[in-house]
Amino acid sequence: MGDVVVLDVRPEREFRAGHIAGARSVPVEKLDALVGELPKRREVVAYCRGPYCVYADDAVRLLRSRGLKARRLDVGFPEWRREGRPIEIAS
């Protein structure tokens, strides 16, 4: 994931319970305040609870409006975990 910044835009308690390895927790309601800290030259990939979760859509819309290259992950954390992909649990 070195070429992209992966954002978990779910509430922080959900992030702490488990998230995609290497993802950064930025709950969608805090994203506006933190968007200036994101690198402009890297793609940002946002994910949330699943393919129908609007948090990722809202995040991508905000990021693009601020000039960042952004997209949503096709799956959410539950699907990622079910597929056996790398996850982390916050301590």
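Summed over the stretch 26-35, the residues that are free of Cβ contacts under 8 Å to residues at least 24 places away in the same chain and either touching a His at 6+ places or on another chain (Cβ under 7 Å) or more than 25 Å from P86 (Cβ to Cβ) (or both) give a count of 2. Just so you know, in the stretch 59-74 the residues that are more than 11 Å from the chain's Cα centre (by Cα) and either in a loop (DSSP other than H, G, I, E, B) or in contact (Cβ under 8 Å) with a residue 40 or more places away in the chain (or both) include one that is surrounded by the most Cβ atoms within 10 Å (Cβ to Cβ), and it is L68. Within the stretch 41-53, the set of residues being over 13 Å from V4 (Cβ atoms) and modelled with pLDDT under 95 comprises G50, P51, Y52, C53. Evaluate the stretch 80-87: report whether one residue or more is within 14 Å of the chain's Cα centre (by Cα), part of a loop (DSSP other than H, G, I, E, B) and surrounded by 12 or more Cβ atoms within 10 Å (Cβ to Cβ). No, every residue in the stretch 80-87 fails to be within 14 Å of the chain's Cα centre (by Cα), part of a loop (DSSP other than H, G, I, E, B) and surrounded by 12 or more Cβ atoms within 10 Å (Cβ to Cβ).
Taking the stretch 1-49 as the range and being in a loop (DSSP other than H, G, I, E, B), within 13 Å of the chain's Cα centre (by Cα) and surrounded by fewer than 15 Cβ atoms within 10 Å (Cβ to Cβ) as the test, the residues that pass are M1, A21, G22. Filtered by the rule that a residue be closer than 17 Å to A21 by Cα and either aliphatic (A, V, I, L, M) or touching a Leu at 6+ places or on another chain (Cβ under 9 Å) (or both), the stretch 44-78 gives V44, V45, A46, Y47, C48, L73, V75.
In the set (1) in a loop (DSSP other than H, G, I, E, B); (2) among the aromatic types (F, W, Y); (3) in contact with a Pro (Cβ under 9 Å, 6 or more places away or on another chain), the condition left unmet by Y52 is number (3). Please verify whether the stretch 35-58 includes one or more residues that are touching a Cys at 6+ places or on another chain (Cβ under 6 Å) and either more than 13 Å from F77 (Cβ to Cβ) or of a type outside the set (V, I, T) (or both). Yes - at least one qualifying residue is present in the stretch 35-58.
The values are calculated or read from the model by the stated rules, or taken from the named source; none is laboratory data. Computed from a prediction, not measured in an experiment: that's the story for all the values here. We place every Cβ from the backbone using ideal geometry, glycine too, and count neighbours over all the protein chains shown.
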